[in-house]
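*Asks:* Quick one: structure below, then a few questions.
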Amino acid sequence: MIRIIMHGCNGKMGQVISGLLAEDDTAELVAGIDPADDGHNPYPVFGNIDQCDVEADCLIDFSAAPAVDKMLDYCVARKLPCVLCSTGLSEAQLQKVKEASKRIAVLKSANMSLGINLLLKLLKEAAGLLAPAGFDMEIVEKHHNLKVDAPSGTALALADSINEEFEGQYEYVYDRSSRREKRPRKEIGISAVRGGTIVGDHDVIFAGPDEVITFSHTAYSKAVFGKGAVQAAKFLAGKAAGMYDMSHVIEGAG
């Protein structure tokens, strides 16, 4: 039985994962970390991560960027593998993640769904063929009105996947309102929409001469991300130090 600590257990994703693990025969949630708790969880919850002394095999993080630094320190000190799902990290935090991965196993993904991670692979091939043929590339992402970061970590991951095909030559453009010029060829436009209860919607548009090709992914429930995070935790438990992503989980499952 794989023992998991949930960092951000009372958030929406934390509660989704709590429900999934309650019905899992191969993994269990042994503790939660959250500054606000009303005692409704069937496992112990600690308001301060430093107070958590429960033994575990992996930690899943679905919190917020300000809480990530302390969480990484905790995992490194306890040699605890970490599935890092929080987005909106600063450059300094991303560097800290890289340093932590030298001492523990860290799986970082902006999106835990199988569909998005398959899309990341498909986009590289599409971009390599379409961009040289004169297609412009735009990404439009839509999320609920409570999401604090924009653009989404998934949108940036999609853009990065495309840009890898061209060794980072493309510039990312987030706002065209102050620009009065013809669209440069080597750029990827990224637009964010926030409203209602949209779980997650991403469109990658390849607009070329007289035709448009769109790759779309829609998440209808947060459960799709929770299932991926649990699968990732099972994969990561016992792994050697290093940086991992969902492609390793997919390959391991295959």
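*Asks:* Residue check: is GLU171 loosely packed, with under 15 Cβ neighbours inside 10 Å, more than 19 Å from LYS222 (Cβ to Cβ) and at pLDDT 95 or above? Full working, then the answer.
*Replies:* Numbers: loosely packed, with under 15 Cβ neighbours inside 10 Å: yes; more than 19 Å from LYS222 (Cβ to Cβ): yes; at pLDDT 95 or above: yes.
Criteria met by GLU171.
*Asks:* Right, something else. Can you tell me how many residues within the stretch 60-109 are in contact with a His (Cβ under 6 Å, 6 or more places away or on another chain) and part of a loop (DSSP other than H, G, I, E, B)? Before you say what the answer is, go through the steps one by one.
*Replies:* Our first condition is that a residue be in contact with a His (Cβ under 6 Å, 6 or more places away or on another chain); within the stretch 60-109, this holds for 61, 63, 71.
Okay, now just the ones that are also part of a loop (DSSP other than H, G, I, E, B), so 63.
The total comes to 1.
*Asks:* Next up: Yes or no: MET112 open to solvent by less than 20 Å² (accessible area, probe 1.4 Å) and part of a loop (DSSP other than H, G, I, E, B)? Before you say what the answer is, go through the steps one by one.
*Replies:* Details: open to solvent by less than 20 Å² (accessible area, probe 1.4 Å): yes; part of a loop (DSSP other than H, G, I, E, B): yes.
Judged against the criteria, MET112 is a match.
*Asks:* While we're on this one: On the basis of being charged (D, E, K, R) and closer than 19 Å to ASN10 by Cα, does LYS79 make the cut? Reasoning before the result, please.
*Replies:* Details: charged (D, E, K, R): yes; closer than 19 Å to ASN10 by Cα: no.
Criteria not met by LYS79.
*Asks:* Another question, then. The conditions are (1) without any contact (Cβ under 8 Å) to a residue 24 or more places away in the chain; (2) within 25 Å of the chain's Cα centre (by Cα), and GLU28 fails exactly one of them. Which is it?
*Replies:* Among (1) without any contact (Cβ under 8 Å) to a residue 24 or more places away in the chain; (2) within 25 Å of the chain's Cα centre (by Cα), the lone unmet condition for GLU28 is (1).
*Asks:* Report every pair of residues separated by at least 6 positions or lying on different chains whose Cβ atoms are under 8 Å apart, first residue within the stretch 212-233 and more than 16 Å from GLU23 (Cβ to Cβ), second of a type in the set (Asp, Glu) and not in a loop (DSSP other than H, G, I, E, B).
*Replies:* Sorted first by the residue in the stretch 212-233, then by its partner, the pairs are THR214/ASP203; PHE215/ASP203; SER216/ASP201; SER216/ASP203; HIS217/ASP201; THR218/ASP201; ALA219/ASP201.
*Asks:* I've got another one for you. Tally the residues that are surrounded by 17 or more Cβ atoms within 10 Å (Cβ to Cβ), under 19 Å from MET112 (Cα atoms) and in contact (Cβ under 8 Å) with a residue 40 or more places away in the chain, restricting the search to the stretch 40-70.
*Replies:* Counting residues in the stretch 40-70 that are surrounded by 17 or more Cβ atoms within 10 Å (Cβ to Cβ), under 19 Å from MET112 (Cα atoms) and in contact (Cβ under 8 Å) with a residue 40 or more places away in the chain gives 6.
*Asks:* Would you be able to say whether some residue in the stretch 212-227 is in a helix (DSSP H, G or I), buried (at least 17 other Cβ atoms within 10 Å of the Cβ) and of a type outside the set (A, V, I, L, M, F, W, C)? Even if it seems obvious, please write down each step before you answer.
*Replies:* Going through the stretch 212-227, the residues in a helix (DSSP H, G or I) turn out to be 223-227.
Right, trim to buried (at least 17 other Cβ atoms within 10 Å of the Cβ) and you get 224-227.
Imposing the further condition that a residue be of a type outside the set (A, V, I, L, M, F, W, C) reduces the set to 226-227.
Among the residues of the stretch 212-227, at least one is in a helix (DSSP H, G or I), buried (at least 17 other Cβ atoms within 10 Å of the Cβ) and of a type outside the set (A, V, I, L, M, F, W, C), which makes the answer yes.
*Asks:* Which one is modelled with the lowest pLDDT among residues in the stretch 228-247 that are surrounded by 18 or more Cβ atoms within 10 Å (Cβ to Cβ) and farther than 13 Å from ILE60 by Cβ?
*Replies:* Applying the first criterion (surrounded by 18 or more Cβ atoms within 10 Å (Cβ to Cβ)) to the stretch 228-247 yields 228-237, 244, 246.
Those left that are additionally farther than 13 Å from ILE60 by Cβ: 244, 246.
Details: TYR244: 96, MET246: 89.
Step by step, filter the stretch 228-247, then rank; the result is MET246.
*Asks:* May I pose another question? Which residue pairs have Cβ atoms closer than 7 Å, lie 6 or more positions apart in sequence or on different chains, and pair a first residue in the stretch 118-135 that is more than 10 Å from LEU158 (Cα to Cα) with a second residue that is aliphatic (A, V, I, L, M) and open to solvent by less than 20 Å² (accessible area, probe 1.4 Å)?
*Replies:* ALA127/MET137; ALA127/ILE162; ALA131/MET137
*Asks:* Also: Answer yes if at least one residue in the stretch 122-142 is assigned to a loop (DSSP other than H, G, I, E, B), open to solvent by less than 40 Å² (accessible area, probe 1.4 Å), under 22 Å from GLY228 (Cα atoms) and of a type outside the set (Phe, Trp, Tyr), and no otherwise. So that I can check it myself, show each step before the final result.
*Replies:* Of all residues in the stretch 122-142, those assigned to a loop (DSSP other than H, G, I, E, B) come to 134-135.
When the remaining residues are screened for being open to solvent by less than 40 Å² (accessible area, probe 1.4 Å), the result is 134-135.
Subset that is under 22 Å from GLY228 (Cα atoms): none.
Looking through the stretch 122-142, none of the residues is assigned to a loop (DSSP other than H, G, I, E, B), open to solvent by less than 40 Å² (accessible area, probe 1.4 Å), under 22 Å from GLY228 (Cα atoms) and of a type outside the set (Phe, Trp, Tyr).
*Asks:* From VAL83, VAL54, VAL68, which residue is of a type in the set (A, V, I, L, M) and out of contact with any helix residue (DSSP H, G or I) (no Cβ under 8 Å at 6 or more places or on another chain)?
*Replies:* Only one candidate qualifies: VAL54.
*Asks:* May I pose another question? Select, from ALA157, ALA105, ALA150, the only residue that is hydrophobic (A, V, I, L, M, F, W, C), in contact with a Leu (Cβ under 7 Å, 6 or more places away or on another chain), without any contact (Cβ under 8 Å) to a residue 60 or more places away in the chain and surrounded by 12 or more Cβ atoms within 10 Å (Cβ to Cβ).
*Replies:* ALA157
The values are calculated or read from the model by the stated rules, or taken from the named source; none is laboratory data. For clarity, every value in this text was computed on a predicted model and none was experimentally measured. Every residue, glycine among them, receives a Cβ derived from its backbone with ideal geometry; neighbour counts consider all protein chains shown. We work out accessible area using only protein heavy atoms, side chains counted, and drop any ligands, DNA or RNA first. Shrake-Rupley method; radii C 1.70, N 1.55, O 1.52, S 1.80 Å.
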